[in-house]
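Down below is the structure, laid out as structure tokens.
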Amino acid sequence: MSIPKNSTDNRQDLRDHALSRSVLYGALSLGLHHPTDAIFQKVQAIESQRAFLAAASFLTAYQHEPTAEEVNFLASDKSSALVVHTHNWVQVIESFSIEQWLDAHARLFGHTARGLVCPYETEYGQQGIFAQPRQLSAVLGYYIAFGLTNCEQERERPDHISCELEFMEFLARKEAYALESNDEEMRAETRKAVRLFLKDHLGRFGRSFARLLREQDPKSFHGKLGDVLLAFLSLECRLAGVEQGPSQLELRPEEEDHVPMACEGQSDLVQLQAPK
């Protein structure tokens, strides 16, 4: 997207749009993280739930003079689904206990790379003995390029859906900062990373992952989260001008797994952080 010159209001709208995206990416990342008391309290907080709803509402209502890449996005009425699904998810959050969350997380994701629902990108659609390590290196390369590294305490793989969502949260924040600072070079670099990461990684397998969540937990916390994730990724891909990934993507053939574990963020990011 380009910013018309001397358009302060438009720049502020774009900044708020980026911040709203960061809020939803952060919410989804927390919801797919292994439950802890701290994360539970953050998600359960009234302020957080209001922020989730406000972000979804802003993204749905967001209107400004469209650029060429946004015409199809703004012409679509499917964006309203994001508000509905976010509202439904928040309603479930309000009545969800930490014990229920722990039980559901264990049931859906298990204690291996491939539970009932697989949260790891490189387990999807890969064939060949070297495909998975290459893909994992590519994901980690994005983190390193933006000054982030794996959090040793988390011991999670970089290709975990929660890590990738948190990286997109970081990029959205960075875009908002670039807009606030009038740094067009930083913003262009960040938007390019968003497009490529959606195209090659999160957008490629995220919709399939969301569909599995909806199927395996249709009426509870993770299923409702899957509704939000599916709607949000669809909007993000359309806005970025990226082809959406399939809603059904097969897991790669099982092979001996040499994928390392590990993946937290700058300041209040959970799974990605700047190296010390």
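Rule-based calculations on the coordinates, nothing more; no lab input. Just so it is clear, the model here is predicted, and its values are computed rather than measured. All Cβ positions, glycine included, derive from the backbone under ideal geometry; neighbour counts span all protein chains shown.
Please go through the residue pairs 174/219; 174/199; 192/219 and name each one whose alpha carbons sit more than 27 Å apart in this structure.
174/219; 192/219
If you stretched the chain out fully between residue 181 and residue 37, how much longer would it get, using 0.36 nm times the residue separation minus the C-alpha to C-alpha distance?
Taking residue 181 through residue 37 to full extension adds about 48.3 nm, to one decimal.
Please sort by residue number the trypsin sites (Lys or Arg not before Pro) in segment 146-253 whose DSSP state is loop and whose Cβ has at most 16 other Cβ atoms within 10 Å.
155, 219
Give, in nm to one decimal, the length gained when the segment between residue 251 and residue 91 is fully stretched (0.36 nm per residue of separation minus the Cα-Cα distance).
54.4 nm
Of all GluC sites (Glu not before Pro) in segment 140-169, which ones are in loop regions per DSSP and have a Cβ with at most 10 other Cβ atoms within 10 Å?
Listed in order of number, the matching sites are 152.
Quick one: if the Förster radius is 35 Å, what FRET efficiency do residue 144 and residue 80 give, using the C-beta to C-beta distance and rounding to 0.05?
Calculated transfer efficiency: 0.40.
May I ask you to derive the FRET efficiency for residue 111 and residue 57 from their Cβ-Cβ distance with R0 = 45 Å, giving the value to the nearest 0.05?
0.75
Around residue 49, with a cut-off of 11 angstrom between Cβ atoms, what is the net charge of the other residues, counting Lys and Arg +1 and Asp and Glu -1?
Result for the local shell: 0.
To the nearest 0.05, what FRET efficiency results for residue 45 and residue 220 with a Förster distance of 22 Å applied to their C-beta separation?
About 0.65, to the nearest 0.05.
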